[in-house]
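Below: the structure, in structure tokens.
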2 protein chains.
Amino acid sequence: MSTVDPTPLTVNADRLRADLDDLAQIGRTESGGISRAAYSEADAQSRTWFRQRCQDAGLLVRTDGLANMFITRPAGPGSPCGPAVWTGSHLDTVPNGGRLDGALGALAALECLRRLSELDLPLVRPVSAVVFSDEEGTYGHLLGSGGLVRNYRPEQLDQLTTRDGRSLITALQNWSEQGWAVGLPTSTELAPGTLHAFVELHIEQGPNLDRTGTDIGVVTAIVGLGGGSVEFLGRADHAGTTPMTERQDALLAAADFLTQLPGIAAEIGGGAVATCGVIRVEPGGANVVVERAVVTLDFRHPDLARLVELSRQLAAAAEATAVSFGVAVRWQPAEIVPPVPLAASVQSVIRDAADALGLSHLPLPSGAGHDSQNLARLAPTGMVFVPSKGGRSHSPAEDSDFADVGNGANVLLRTLVTLASRDGA
Amino acid sequence: MSTVDPTPLTVNADRLRADLDDLAQIGRTESGGISRAAYSEADAQSRTWFRQRCQDAGLLVRTDGLANMFITRPAGPGSPCGPAVWTGSHLDTVPNGGRLDGALGALAALECLRRLSELDLPLVRPVSAVVFSDEEGTYGHLLGSGGLVRNYRPEQLDQLTTRDGRSLITALQNWSEQGWAVGLPTSTELAPGTLHAFVELHIEQGPNLDRTGTDIGVVTAIVGLGGGSVEFLGRADHAGTTPMTERQDALLAAADFLTQLPGIAAEIGGGAVATCGVIRVEPGGANVVVERAVVTLDFRHPDLARLVELSRQLAAAAEATAVSFGVAVRWQPAEIVPPVPLAASVQSVIRDAADALGLSHLPLPSGAGHDSQNLARLAPTGMVFVPSKGGRSHSPAEDSDFADVGNGANVLLRTLVTLASRDGA
């Protein structure tokens, strides 16, 4: 275990809190949320502020061609070298999102680096921080961290646009001129041996820790993701003149299918979720029986085999429902994104850190995607969750008790020190 | 009963068919449907063609301030006077509608007037034809016939626009300049004593006659109409991080409610229908649990008490569903349009006419609205239905066997003659 005396091994919670408060002023919306879309003016403002905070602490900042930011402590005569322990998260947000999603992990990483400089511990590995670009998918989900795993091909980047059609290439050219993107966006892959381990602190964005009164979540895996659309095709008929028994009502079929989602997820078990967030009907007249109803599905599971089984059962249910309603059905699945298990060795270090701090902890999968799932392809990776009040996220209602935020940062600091101190993990 | 020898009392079916074929060229769409929105260029073309056909037959045509068209036979020394027997329908269509909805009743009315002139029967009442404006509701449903019952107030007409915002007043000014609207649109009410009876021939637009192989439908009532919207209000949550059991999914509540519509309609019975043709969800993200789902309802019944009970049961089901899903609900009903019973005396004349022609007939309500429901407020009114193939309407698939069309026109002619001959009905 760590050779460091644990007593002073905590962050400066007041400094972290002040940073979080300052950052929350950038991109603030009228409804009290935060809008910092990737590569936007607000994103640039948050980075300018963040870079200044790093420079104030004597830290070095460099960026790559996708504007990922790398923060390192200056090397001295006795500094460790070789594969580094990294921590970090992102500064961009969804539209009208919350103040902690991403920001917590990025500012806690900065705080840990500051604290390590102050403590001047005898570590055997470098500890660095990273801020990933476009985690939220303004142009592409987990865009920046993806570029660290494998260089994007130019044609991949050419295709990426915002929903309203603005191109990533134009955004990057603009950011390159401002100095935020340095080098080619197609040359961002990390050199082998760069990374020893990665740890990300994040809010849970779900209700499990809050509901159970647990201090710390030790993330076991990032769930796999399935999706696609189910189209039911019936017949448009006059709503007044067509008897109920002679209809081929595509919306009734879709509705019946949707009511089966909770039962199917429960049968799969193990934290399976299945959601429809989008439904479209045609022709869409108040007095016309629906001819075509298309529902968009999002379903997730931490285990690949059960995720595939979930997909199979959803398709079978859609098929059976269509038959019983006398309508046609077409299931168009998206490619399954497999679950990413996180390193048992890092989970163990996180648990030990929580225990040393007297904090309760719970193993749980992450239902949301995170940059950690990309970093896990490069080195042993772990995630630390802190409770989200009511499980709310991606909304102005997103909040965590500051005691929990401070606990999470302390667990992160101890985890980094352990990973940078010993030979294991 | 009629004092007329029945033998020659049939329409010229070939002439009617040729007229229907000619009219179907006006407003024809690429997919083989018909688009003649009220007060459009295509509507004006169809009226120009129709007026010429009337003039070719020596009939007189006048219009009112809403562009309703009135077609009369010229009065001679021995012509009957006093309250008249009217027949007619409309020439406008829904977008990409069928060739018979409205057109059949309007052209059969013309054919009956032509045939009466040829036969020169000794009638005791005038027989006239009418073409109502905007039956389909481009600006207002049953607009023209509504103006015959009661003058519109200027502020009522000022409010009427198409869905894309074009105003009725502008359309009427344009049509006034072209001579299609004559006089004030606020002065169209029929003088008392104008009407003795009204009969409208129409396609069923439903499957009952076609399915049972019946020649003629004798309409008993035009169903009452209820509607409104049901809003389910839950909570937006992350589709990945929120367990299925901790959601307030407004769409699942709405879907469960929709699956109950057929059962509720069946329990009410007597031809009850309940339809949802429009559903809206918010925020509408693929990975966000639906916070707000709004479904639009259309429900109908020929009996007012049961229509009210249907409305009550739908509201109760929405309420109970919301409770069981832990979401809020708001039911915003539209004002109920009561059913309109049609005159038993006219139904009897229609049945006798069908019997005399050896045609099978079936009493049935009309599930769709018709100008007849306005005329029924002025005089005894009846409707004659002919079979719609597969019950299809408001679509290019709308069709009827021409044998059925001819049968309907013959029943109409006999009915008009009876109503214009005897003292009853």
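Every read-out reported here was derived from the displayed coordinates using simple, explicitly stated rules and does not represent laboratory data. As the structure is a computational prediction, the values presented were derived from the model and not from experiment. Cβ coordinates were reconstructed from backbone atoms using ideal geometry, including for glycine residues, and neighbour counts include every protein chain displayed.
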**Message:** Tell me the angle of helix B:250-259 to the major Cα principal axis of chain B, expressed in degrees between 0 and 90 and rounded to the nearest ten.
**Reply:** 50
**Request:** Go ahead and estimate [θ] at 222 nm for chain A from helices alone: -39,500 (n - 2.57) per DSSP H run with n ≥ 4, summed, over the residue count, rounded to 500.
**Result:** -10500 deg cm²/dmol
**Asked** Using the Cβ atoms and a cut-off under 13 Å, what net charge is assigned to the surroundings of A:D256, where Lys and Arg are +1 and Asp and Glu are -1?
**Response** -3
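Show me the ranking of peptides B:109-117, B:252-260, A:28-36 by mean Cβ neighbours inside 10 Å, starting with the highest.
Listed from highest to lowest mean packing, they are B:252-260, B:109-117, A:28-36.
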**Asked** Using modelled backbone amide H atoms (1.01 Å from N, in-plane), which distant-in-sequence or interchain residues come within less than 5 Å of A:S128's amide H?
**Response** A:V85, A:W86, A:T87
**Request:** Starting from the coordinates of the alpha-carbon atoms of the protein assembly as shown, obtain the Kirkwood hydrodynamic radius over all distinct pairs and give the value in Å to one decimal.
**Result:** 31.4
**Asked** Using r as the Cβ-Cβ distance of B:N151 and B:Q55, and R0 as 30 Å, what FRET efficiency do you calculate, to the nearest 0.05?
**Response** 0.55
**Fill in**
Interchain or sequence-distant (5+) residues whose placed amide H lies within less than 5 Å of the amide H of B:V273 are B:R300
**Message:** Just to confirm the number: angle between the C-alpha axis of helix A:41-56 and the first principal axis of chain A, 0 to 90 degrees, nearest 10?
**Reply:** 20
**Item:** Mean separation of Cα contacts under 8 Å, 6 or more apart, over the residue count of chain A: relative contact order %
**Value:** 23
**Prompt:** Between B:R28 and residues 5 or more places away or on another chain, which pairs have amide H atoms under 5 Å apart, with H built 1.01 Å from N, and which residues are they?
**Reply:** B:S35
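Quick one: compute a quarter of the convex hull surface over the Cα atoms of the range B:53-203 and quote it in nm².
Numbers: hull surface 38.3 nm².
Average projection, Cα convex hull of the range B:53-203: 9.6 nm².
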**Request:** Every other copy gets compared here: list the nm distances from the B:G390 label point (7 Å along Cα to Cβ) to its counterparts, shortest first, one decimal.
**Result:** 5.1
**Request:** Report the Stokes-Einstein translational diffusion coefficient (µm² s⁻¹, integer) for the range A:39-84, Rh taken as the Kirkwood radius over Cα pairs, at 25 °C with viscosity 0.890 mPa s.
**Result:** 203
**Complete:** In Å, the C-alpha Rg and Dmax of the range A:272-425 are 21.7, 71
**Fill in**
Inter-copy distances for B:E267, nm, shortest first, label points 7 Å along Cα→Cβ, are 2.7
**Request:** First select every other residue whose beta carbon is under 12 angstrom from the beta carbon of A:V199; then total the charges, Lys and Arg +1, Asp and Glu -1.
**Result:** -1
**Fill in**
Rounded to 0.05, the calculated FRET efficiency for the beta carbons of A:H141 and B:E30 at R₀ = 35 Å is 0.30
**Request:** Work out from phi, with θ = phi - 60° and the Karplus expression 6.51 cos²θ - 1.76 cosθ + 1.60, the ³J(HN,Hα) of each residue of the range B:160-170, listed in order in whole Hz, and give x for Gly and Pro.
**Result:** 7, 9, 6, 4, 9, x, 6, 8, 4, 4, 4
**Prompt:** Separation of the range A:140-194 and the range A:316-371 by C-alpha centroid, Å?
**Reply:** 27
**Message:** Counting each pair of different Cα atoms once, what's the Kirkwood radius of chain B in Å, rounded to one decimal?
**Reply:** 23.0
**Prompt:** Hey, what's the Cα Rg ratio for the range B:169-269 versus the globular rule of thumb, 2.2 N^0.38 Å?
**Reply:** 1.99
**Request:** Divide the volume of the convex hull of the Cα atoms of the range A:73-124 by its number of residues and quote the answer in cubic angstrom per residue.
**Result:** 84
**Prompt:** Is the range A:268-313 best put as rounded, prolate or oblate by its Cα gyration tensor, with a ≥ b ≥ c the root eigenvalues, rounded for a/c under 1.5, and otherwise prolate when a/b is larger than b/c, oblate when not?
**Reply:** prolate
**Request:** Please work out the C-alpha center-to-center distance from the range B:383-425 to the range A:225-289 and express it in whole Å.
**Result:** 38
**Message:** Given the C-alpha atoms of the range A:151-203, compute the convex hull and give its volume per residue in Å³.
**Reply:** 142
**Item:** Rounded tilt (10° steps) of B:304-325 against the dominant C-alpha axis of chain B
**Value:** 20
**Request:** Have a look at the DSSP beta bridges in chain A and tell me what percent are antiparallel, nearest 5.
**Result:** 65
**Prompt:** Closest to the A-onto-B rotation axis, which residue of chain A has its Cβ, and how many Å off the axis is it?
**Reply:** A:A255, 2
**Asked** B:F402 label points, 7 Å along Cα→Cβ, one per copy: pairwise distances from this copy to the rest in nm, shortest first?
**Response** 8.7
**Request:** Please provide three numbers in whole Å: the alpha-carbon extents of the range B:117-189 along the principal axes, with the largest listed first.
**Result:** 50, 25, 22
**Item:** Kirkwood Rh in Å, taken over the range B:1-105 so that all alpha-carbon pairs contribute
**Value:** 15.7
**Prompt:** What does the charge add up to near A:E319, with Lys and Arg as +1, Asp and Glu as -1, over the other residues with Cβ less than 14 Å from its Cβ?
**Reply:** 0
**Prompt:** Per-residue HN-Hα couplings for the range A:205-219, Karplus 6.51 cos²θ - 1.76 cosθ + 1.60 at θ = phi - 60°, whole Hz, x for Gly and Pro?
**Reply:** 6, x, x, 5, 5, 4, 5, 8, x, 9, 6, 9, x, 9, 6
**Fill in**
Unit-weight point scatterers at every alpha-carbon of the range B:345-411, Debye formula, q = 0.20, 0.22 1/Å: log10 I(q)/I(0) is -0.96, -1.10
**Asked** the range A:216-280: D in µm²/s via Stokes-Einstein (Kirkwood Rh, Cα pairs, 37 °C, 0.692 mPa s)?
**Response** 219
